Amino acid sequence: MSAVAPVAENPLIEGLERLPIHPTTLVIFGATGDLAHRKLLPALYNLAHEGALPERFNLIGVSRSDHAHEDFRKMAQEAIRQFSRREPDEAVLEKLLEEVRYVPGVFDDASVYKTLADELDEFDKAAGQRMNRCFYLSTAPAFFPVIVGQLGEHELCRHEGADVRVVIEKPFGTTLAEAEQLNREVLSVLDEHQVFRIDHYLGKETVQNMMAFRFANGLFEPVWNRNYIDQVQITAAEDIGIGSRAGYYDSAGALRDLIQNHMLQLLCHVAMEPPVNFTADEVRNEKVKVLHAIHAPTPEDADRMAVRAQYAEGESAGEHVGGYLQEDGVAPDSNTETFAALRLEVDNWRWAGVPFYLRTGKRLARKVTEVAITLKPVPHLAFSQEGSLGVKPNQLILTMQPNEGVSLSLGAKIPGTRMKIRPVFMEFLYGTSFLSQSPEAYERLITDAVRGDATLFTRNDEVEAQWRICDPIVQVWEKTPGPLPQYESGSQGPAEAESLMINGQVWRAI
Ligand code: BG6
């Protein structure tokens, strides 16, 4: 028997991953902010530690507060020492920040961009070549169009002989109209291939593994459709409250914060067709097709297929905690949801009729992000009544966090003299299979942006397609007066979420 021919290497992907990365200057707008301190700077350190940055790499921070280069260097060192996933090696840290620059100023001030251009030119001169430029917008969303506009005006969006890329943090708009407008503004200055819209879930190992799992195994594809799958449940539960983020969260809410982006991406990974290769456009084309197959809800649908609620006081991590309306910075009559659940249908040949349930919430029983795929029950049970009682439909659980792994439930005979059956689990856990610490999502995403690989970033039509699904619900909710249903902190969420379930299905325990 002849061996199966190896799948041809994809020169586009393989080539990109093997090539040395062109010398790059990374500019972080909002460099003194929380995201830069907690995620971006530590990610840069870990990339430096692994030798994954370009050989010539420079960093410039831009922010409103007035600091000298040296102050920013110290601040960045501190942030890395505090938040890096590994204890920093002082020599690597020193080298990474040796030449770091800081440009203070407000983002609509032209002089900021003149100073920035001078700093960038200095780095090019020192390198003796034109370096790639990567602008990372880690600011409040109101500044995204302002910064991109200024980069355009100061001719910083093109750099002959080198590449210029712009990374845009979330949220990308707060409505469909805003997202469309932002896309228009951004694309009036940049080409789509220069734009890298972040959804940090796409950088998670476990999310990328969904593609490996589906498309590197022959086992699942034959059953991966409406004939065998009964329902899909996607949960992103958190035990934390909103902390000090009331300013952002109270104007966003759970639907915009997690469902519009991260959870719809998870849904796409479950429902997409196999891409012909793993290049940015092929992968994103398949995801966009899934989003297009989900009907935008009408106002009437919104009531039938969406539920929202707010956390009330209760217990979290053994402590008594107040409700959402008592949080600092939240108006006592706020109608912002901290829990949202949807029932969606992907109306295409593969999935028609299979409910996709999505739910997310703050202050739930525990932190867990998972995709649970439940197969249909077997058509006939030949066991005696007693034996049949323990037979449950097979379930495949992909756990994104915290216990990263995959688990498949199977019915098995309980040892003994009678035919009694109960589910057992076949499990794969990252921790025991790979024995290495997974990189943070931002490490992967920064490398890809610097390298110019947009596969794990959201394309313009994709972000708009995501909004097309969520925007009608946002509109209905904004017009519907409160108060919102409440759920106890530390609980499974509101009882109202049950109303979404069809065909006798039930939510999995959190
Ligand atoms: C962010 C949301 O995008 O994702 C936060 O703004 C949320 O509200 C966070 O807590 C969850 O991310 P992770 O990686 O902890 O699942």
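What does the net charge come to around Glu386 if you take all other residues with beta carbon closer than 14 Å to its beta carbon, with K and R at +1 and D and E at -1?
Working: positive: Lys413, Arg418, Lys420, Arg422; negative: none.
The answer is +4.
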* Taking H as built 1.01 Å from N, whose amide H comes closer than 5 Å to the amide H of Lys367, not counting residues under 5 places away? -> Asp239
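For the chain, what are the DSSP H helices with axial Cα length of 20 Å or more and mean Kyte-Doolittle hydropathy of at least -1.0? The partial results should precede the final answer.
Values: long enough: 69-83 (21 Å, -1.20); 110-127 (26 Å, -0.35); 460-479 (28 Å, -0.70).
Flagged H segments are 110-127, 460-479.
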* To do: Using the structure shown, select from Lys95/Lys170; Lys362/Lys392; Lys39/Lys74; Lys39/Lys287; Lys287/Lys376; Lys39/Lys114 the pairs with a Cα to Cα distance greater than 21 angstrom.
  => Lys95/Lys170; Lys362/Lys392; Lys39/Lys287; Lys287/Lys376; Lys39/Lys114
* Structure fact -> With +1 at each Lys and Arg Cβ and -1 at each Asp and Glu Cβ, the charge dipole magnitude of the range 162-257 around its Cα centre, to the nearest 20 debye, comes out at 140 debye
* Cα centroid separation - the range 429-472 against the range 477-493, whole Å -> 30 Å
* Asked: How far apart, in nm, are two points set 7 Å out from the Cα along the Cα-to-Cβ line at Val276 and at Asp66?
  -> 5.8 nm
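Rounded, prolate or oblate, given the Cα gyration tensor of the range 222-290, with a/c below 1.5 counting as rounded? Each step should come with its number before you reach the end.
Working: a/c = 3.54, a/b = 1.80, b/c = 1.97.
It is oblate, given that a/c is not under 1.5 and a/b is not larger than b/c.
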* Asked: What does a probe at Gln505 reach in the range 229-266, counting residues whose amide N is under 12 Å from the point 7 Å along Cα→Cβ?
  -> 229-235
* Options His380, Gly218, Phe339, ranked by Cα towards positive dipole end of the chain, top entry (Cβ charges) -> His380
* So how do 37-46, 429-438, 294-303 stack up, highest first, on mean other-Cβ count within 10 Å? -> 37-46, 294-303, 429-438
* Two-site label geometry, Glu345 and Lys114: point separation in nm, points 7 Å out along Cα→Cβ -> 6.1 nm
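When a/c reaches 1.5 or more, the comparison of a/b and b/c decides; with that in mind, is the range 258-314 rounded, prolate or oblate per its Cα gyration tensor?
oblate
So what is the relative contact order for the chain, in percent, with contacts set as C-alpha pairs under 8 Å and at least six apart?
Working: 909 pairs, mean separation 88.5, N = 510.
Value for the chain: 17 percent.
Out of the total accessible area of the chain (probe 1.4 Å, heavy atoms of protein only), what percent is carbon and sulfur? Before the final figure, lay out each step's value.
Numbers: 12410 of 23400 Å².
Whole-percent figure for carbon plus sulfur exposure: 53.
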* Structure fact -> When the charge dipole of the chain is computed with +1 on Lys and Arg Cβ and -1 on Asp and Glu Cβ about the Cα centre, the Cα farthest towards its positive end, among Gln486, Leu47, Val27, belongs to Gln486
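Around Phe29, under 11 Å between beta carbons, what's the net of Lys plus Arg minus Asp minus Glu among the other residues? Let's see the in-between values first.
Numbers: positive: Arg64; negative: Glu169.
After counting each charged neighbour, the total is 0.
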* Cα atoms only, the range 199-247: Rg and Dmax in Å? -> 16.2, 47
* To do: Take the alpha-carbon positions of the range 354-510, form their convex hull, and give its projected area averaged over all directions (one quarter of the hull surface) in nm².
  => 14.7 nm²
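Once you list every other residue whose beta carbon is under 10 Å from the beta carbon of Val276, what net charge do they have if Lys and Arg are +1 and Asp and Glu are -1? Don't jump to the answer; show the numbers that get you there.
Working: positive: none; negative: Glu273, Glu282, Glu286.
Local net charge: -3.
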* Asked: Which whole-number value in Å² is the accessible area per residue of the range 252-404, probe 1.4 Å?
  -> 41 Å²
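In percent, how large is the relative contact order of the range 34-150, given Cα pairs closer than 8 Å and 6 or more residues apart? Mind showing how you got there, number by number?
On the way: 108 pairs, mean separation 35.8, N = 117.
Taking the mean separation of contacting Cα pairs over the length of the range 34-150, I get 31 percent.
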* Beta bridges per DSSP with both ends in the range 92-214, % antiparallel, nearest 5 -> 10 percent
* To do: Compare the Cα positions of Leu190, Val307, Gln233 along the charge dipole of the chain (+1 at Cβ of Lys, Arg; -1 at Cβ of Asp, Glu; about the Cα centre) and return the one farthest towards the positive end.
  => Gln233
* Asked: What is the spin-label model distance, in nm, from Phe383 to His154 if the labels are put 7 Å beyond Cα along the C-beta direction?
  -> 6.9 nm
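Let's test the formula: R0 of 22 Å, r as the Cβ-Cβ distance of Lys376 and Glu300. What FRET efficiency results, to the nearest 0.05? Provide the component values of the computation, followed by the final result.
Working: r = 29 Å, r/R0 = 1.34.
For Lys376 and Glu300, the calculated efficiency is 0.15.
For the chain, how big is Rg over Rh, using alpha carbon atoms and the Kirkwood form of Rh? It would help to have the intermediate numbers written out before the result.
On the way: Rg = 24.5 Å, Rh = 24.8 Å.
Reported Rg/Rh, Kirkwood definition of Rh: 0.99.
Counting only heavy atoms of protein chains, what accessible area per residue, in Å², does the range 10-121 have with a probe of 1.4 Å?
Counting only protein heavy atoms, the per-residue value for the range 10-121 is 48 Å².
Hey, got a sec? Which trypsin sites (Lys or Arg not before Pro) in the range 215-319 land in a DSSP loop and have at most 11 other Cβ atoms within 10 Å? Each step should come with its number before you reach the end.
Numbers: sites: Arg226, Arg245, Arg256, Arg284, Lys287, Lys289, Arg304, Arg308; in loops: Arg226, Arg245.
Counting only loop positions with at most 11 other Cβ atoms within 10 Å, none of the trypsin sites (Lys or Arg not before Pro) in the range 215-319 qualifies.
Quick one: grab the alpha carbon gyration tensor of the range 175-283, order the square roots of its eigenvalues as a ≥ b ≥ c, and give me rounded if a/c is under 1.5, else prolate or oblate depending on whether a/b is larger than b/c.
oblate
Could you state the orientation-averaged shadow area of the convex hull built on the Cα atoms of the range 146-222, in nm² to one decimal? Write down the numbers at each step before the final one.
On the way: hull surface 31.4 nm².
Directional mean of the projected Cα hull area for the range 146-222 stands at 7.9 nm².
The values are calculated or read from the model by the stated rules, or taken from the named source; none is laboratory data. These numbers come from a predicted model, not from an experiment. With ideal geometry, Cβ positions are generated from the backbone for all residues, glycine too; neighbour counts draw on all protein chains shown. All accessible areas refer to the heavy atoms of the entire protein, side chains included, with ligands and DNA or RNA removed. Shrake-Rupley method; radii C 1.70, N 1.55, O 1.52, S 1.80 Å.
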